[in-house]
Every structure is written in structure tokens, then in C-alpha cells.
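J.: The structure's right below; bear with me while I get my questions together.
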Amino acid sequence: MLSVLSYGRIVARAVLGGLSQTDGRDYSLITASCGFGKDFRKGILKKGMCYGDDACFIARHKSVDVLGVADGVGGWRDYGVDPSQFSATLMRTCERLVKEGRFTPSNPVAILTSAYYELLQNKVPLLGSSTACIVVLDRRSHRLHTCNLGDSGFLVVRGGEVVHRSDEQQHYFNTPFQLSIAPPGAEGVVLSDSPDAADSSSFDVQLGDIILTATDGLFDNMPDYMILQELKKLKNTNYDSIQQTARSIAEQAHELAYDPNYMSPFAQFACDNGLNVRGGKPDDITVLLSIVAEYTD
């Protein structure tokens, strides 16, 4: 299942490949989402923008567009905890904070921090762990502000090349940085990172830039060159084209995840760490595909 979220009257007058910026014009993001839960052969979008244990949100407030993805740590299921609850609640809280205007566009880490501490203060404990990535576009300054904790992340593509990307954060192989809430007495046992540990960046974007934000289910199964090949199919900025490309990327990653003979990025990383692994990595997959376009009110 695919969902498309757009805000305001957006006029996409950019030609893909990147045009020079013109002062005085507001930018905006046209965004489509697509994903698959690991246990499903067809795309399943649960209530609250969740694909399996992944979650995401797309929101805006005044002159700012914000989106995010989170990947619930599946190991909690062994202890009777639904991993999707943590990631979904984290993303819903981020979305609410944005819509209420309780954030500074240049500081997405603060959005993540505020949302996480709200979860910590819940009267009913919400156990679990999650990675997270948040992307903020300031429409007027044309700057993108990002934060990433763990192995979800983003790519910015311009002229068919990756010009910006997030840095993956791992403690060790297959153990990403993560926000966690542990049962009482187990705080020192459960791996937990501070939201302040998130990697952050800020940079200018141009009309026609493509921003792909996703969980590790995508990046573990598709290397950059495959993603770029799919993005070449995105010939214009209309909604249908973004929909189709988001779906194509998610579907290809989903198929590769179940190919036992494919040398996936995850398998290559495992081999680099001394493990004899081959094949894709079955996982939940969430893809948010955005294009920077001109915004008119």
C-alpha cells in the first residue's frame, strides 16, 4: 500500500537534475511513502504510518516541512513486547510537536529529544528501542536540517549523484545506536543512547533535489547505484511519478531481501566483519521519497 502526503498548493517548476536557487522563492517538499513489513509479501500500511516495526511521519508547521522514520528493534518481541509500539509512538510524538510548533527548524535533534523524554515520562511504561532519522526543510532559507541516530538515514541526490548522506551509527556489527526504555532495574543492561548522540547536519538544497529517507531495510538491501538507477525513472515532479518511483524502490528492496544468492550490502558488511553471510536481509522497509519544489500559497 502506498500513501502520498502533500501540503498546500505546490507548484513544481523545477526540472529534475537541479536548478540554481532564486532568492525570494519558498521551497517545499512533495513526498510519497511506501513500505513493507517483513512478514508480508504485499505492502501493508498500519494505522499511524507504520510498516511492520518501522514508523514514519510527514508534517508541516508554517514555513517548515518535517519528516522522519524510525525502526523498532525487533529483539523486544522475544520478551513479549511489540517493537512497533515504541517506534510508532516516537514518530507520532514528533509529528505532534511539529504541528504544535514546539520546535526550532535548525535543531531537529531537539525534536527527537523532546519526543523521547515525553515517552520516558509516560505514566504507563512504554518499553522498547528504536533508531530514528528526522529531516527538516526551512522553506524560506532553502536549508535542510537533519539528525540521524542509528542505521536509518537519508540521501540527497542532485544531477544523478549523491551530494549529501547521513552517517550510519553502529556500536558494533548489526547493533545500531538506538533510543531505549528498559524495564525497571534493567536500565544498565539494555543498550540505550542519548538523543544528543545523533549525527546532525545542515546544508542548502536546490529546486529538483531528490531526498530519500528510509530505514535500514532499504539500505541493507540496495546499494547506492541501484537506488540511483531507480531514481533516474523519476522524470518530473508530479505526484504519480513520485508514487511510482517510491513503490519501485521499496518493491525492489523487498524482493532482494528474500534472494538467498544476492550479495547484499548487509551481507558484504557481515563478511567484512568475519562472518560468512550471503543473501538479502529480510526486514521491514520504509521509504519516504521527496522532491524539492517551488511552493506557492
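J.: Can you tell me the accessible area per residue over the range 32-176, all protein chains present, probe 1.4 angstrom, in square angstrom?
T.: That works out to 41 Å² per residue.
J.: Who wins for biggest fluctuation among Y79, Y225, Y239 in a Gaussian network model of the chain, springs between alpha carbons below 10 Å?
T.: Comparing Y79, Y225, Y239 in a Gaussian network model of the chain, the most mobile one is Y79.
J.: As an exercise, identify the trypsin sites (Lys or Arg not before Pro) in the range 70-129 lying in DSSP coil whose Cβ has no more than 14 other Cβ atoms within 10 Å.
T.: R102, K123
J.: Counting only GluC sites (Glu not before Pro) that sit in a DSSP loop (anything but H, G, I, E, B) with at most 16 other Cβ atoms within 10 Å, what is the longest stretch of the chain containing none of them? Don't jump to the answer; show the numbers that get you there.
T.: Values: sites that count: E100, E187.
For GluC sites (Glu not before Pro) (loop position, at most 16 other Cβ atoms within 10 Å), the longest site-free span of the chain is 188-297.
J.: Moving on to the next point. Picking from G72, G185, G35, which is most flexible by a Gaussian network model of the chain using Cα springs under 10 Å?
T.: Among G72, G185, G35, the largest mean-square fluctuation in the Gaussian network model of the chain belongs to G185.
J.: Which aspartates and glutamates have a Cα lying under 18 Å from the Cα of K62, excluding residues fewer than 8 positions away in the same chain?
T.: Candidates past the 8-residue exclusion: D26, E95, E100, D138, E294, D297.
J.: Between S106 and Y79, what is the FRET efficiency for a Förster distance of 41 Å, r being their Cβ-Cβ separation, to the nearest 0.05?
T.: After rounding to 0.05, the efficiency reads 0.60.
J.: Another one. Which listed residue (T237, A270, S248) has the Cα farthest towards the positive end of the charge dipole for the range 225-272, taking +1 on Lys and Arg C-beta and -1 on Asp and Glu C-beta about the Cα centre?
T.: It is T237.
J.: Also, quick follow-up: For the range 275-284, in order, what is each residue's ³J(HN,Hα) by Karplus, 6.51 cos²θ - 1.76 cosθ + 1.60 with θ = phi - 60°, in whole Hz (x at glycine and Pro)?
T.: Karplus values, whole Hz, x for Gly and Pro: 9, 8, 10, 9, x, x, 10, x, 6, 5.
J.: If you don't mind, another one. What is the calculated FRET efficiency for Q229 to D259, with r their C-beta to C-beta distance and R₀ = 25 Å, to the nearest 0.05?
T.: Using R0 = 25 Å, I get an efficiency of 0.90.
J.: I need the calculated FRET efficiency for the pair S202 and D272, taking r as the beta carbon distance and R₀ as 41 Å, to the nearest 0.05.
T.: It comes to 0.85.
J.: Let me ask something additional. Using a 1.4 angstrom probe on heavy atoms only, work out the carbon and sulfur share of the accessible area of the range 155-297 in %.
T.: For the range 155-297, the apolar C and S fraction of the accessible surface comes to 47 percent.
J.: Using only alpha carbon pairs under 8 Å that are at least six residues apart, calculate the relative contact order of the range 206-297 and give it in whole percent.
T.: Relative contact order of the range 206-297: 46 percent.
J.: Placing +1 at every Lys and Arg Cβ and -1 at every Asp and Glu Cβ, with all other atoms neutral, what dipole size does the chain have around its Cα centre, in debye to the nearest 20?
T.: For this selection, approximately 980 debye.
J.: Run the dipole for the range 133-220 about the Cα centre, Lys and Arg Cβ at +1, Asp and Glu Cβ at -1, nothing else charged, and hand back the magnitude in debye, nearest 20. Kindly include the intermediate steps, with their values, before the conclusion.
T.: On the way: 5 positive and 13 negative charges, 82 e Å.
Value, rounded to 20: 400 debye.
The values are calculated or read from the model by the stated rules, or taken from the named source; none is laboratory data. Note that the structure is predicted; figures quoted are calculated from it, not measured. Because the Cβ atoms are built from the backbone with ideal geometry, glycine has one as well, and the counts that use them run over all protein chains shown. These area figures cover heavy atoms from the full protein model, side chains too; ligands, DNA and RNA do not enter into them. Shrake-Rupley method; radii C 1.70, N 1.55, O 1.52, S 1.80 Å.
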